[in-house]
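Laboratory data are not the source of any read-out in this text; all were calculated from the coordinates shown. What you are looking at is a predicted structure, and each value in this text was computed from that prediction instead of being measured. Cβ atoms come from the backbone with ideal geometry, glycine included; neighbour counts cover every protein chain shown.
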Amino acid sequence: MELKSYLLHSGKLQKQADISVPPDLEASASQEVWYDIVDARSDELKKTLSAFKLHPLMLNRCLDKISTPGVISFGNAILMEYPVAVNLDTDEPSYISIILQYPMLITVRHSALPVIDDMVAALMLKKEADINHLVQLVYIILDELTDLSVQAETGLRDEILRTSGKLSSNPTAVKEQELGNLRMKVEKLVSLIEDQLYCVTGLSVTDNEALQEPHRKAYVQDLVSEVEIAQRGIYRLEARVKDLFDSYQMVASSRVEKRLRILTIVSTITLPFGLIAGLLGMNVGGLPGTQDPHGFVIVIVLMLAIAAAELLYFKSKGWFD
């Protein structure tokens, strides 16, 4: 397990080098501190979180292997389990648990989220003092994680555009499984963004004291608007994938119809051949041409003439278009 601690002082994020495990809460009671827990086993996580004196139900939610998106509040503490779009090929999304128990912020990464490390590095490089409180830091974290959804949405949009172009130029190059995988990714991202909106909306209506000040609440409202925009975007992509799938079905149906049309033409052309062969093959007297040495050639020429006439007729009616 890796426990990282950052002190929010004079608008700047400062990393604390020496951290006790479990952390010393008395030492951090008078200052705003962010504890970031990374790659923790169940026993290590339980030991560390127990030191923060969390509500038992909140502690159990953090230790539960099956994460459920949402926001719960217990007194002055609030817990959010936020889904993250890291890899749409996996069955389950990644999650991060965010606990705001003022003046402490605790984050538990249930999977690798390098975007958090990049965010911290960027914040610590900034010279201007622009982080005034933990709520703003929560907003920055959620904003970075929401950007991952927007990036995944942009990637899917480009993939849909490429598939659409391929379907227009060479329909046979597009496979049904390819479209099925694309639709599955979009559906996963739809569910994930809906869960994200559920989380940030719950955060905006919570009665936690740290979120009641108007200028702090504005950060959360801005985040709600951002996720709503992402939701509208993914709904549009969902409609585009449906249209793409319908176009593929139409092209496939047209291809099958063309093949059936060719088979119908071939069957129609060969039908007179079977009739002629059946008539001439009857074992009765009086059949024409049986005594003529050129009878076979005459029958073949007759069949070819009939086939040519039928082909010209079908072509004139546009059956080969």
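Miscellaneous remarks
- Sorted largest first, extent of the chain alpha carbons per principal axis (Å): 120, 38, 33
- Inter-label distance, ILE306 to LEU263: 2.3 nm, where each label sits 7 Å from its Cα along the C-beta direction.
- Relative to the current alpha-carbon distance between ASN60 and VAL115, full extension at 0.36 nm per residue lengthens the span by 17.2 nm.
- Links that overshoot a 23 Å alpha carbon limit, given the list LYS175/LYS242; LYS4/LYS185; LYS242/LYS317; LYS12/LYS65; LYS185/LYS217; LYS12/LYS217: LYS4/LYS185; LYS242/LYS317; LYS12/LYS65; LYS185/LYS217
- Gain upon complete extension [LYS175, ASN87; 0.36 nm per residue less C-alpha separation]: 29.4 nm
- Near MET250: Cβ cut-off under 12 Å, other residues only, Lys/Arg at +1 and Asp/Glu at -1. The net charge is -2.
- Here is what passes the span test in the chain: the DSSP H helices with alpha carbon length of 20 Å or more along the helix axis and a Kyte-Doolittle mean of 1.0 or above are 295-316.
- The slack in the chain from SER168 to GLU194, taken as 0.36 nm per residue of separation less the alpha-carbon distance, amounts to 6.2 nm.
- Calculated [θ] (222 nm, deg cm²/dmol) that DSSP helices of n ≥ 4 give over the chain, each run adding -39,500 (n - 2.57): -20500 deg cm²/dmol
- Peptides ranked, highest mean first, by Cβ atoms within 10 Å: ranges 57-68, 87-98, 278-289: 87-98, 57-68, 278-289
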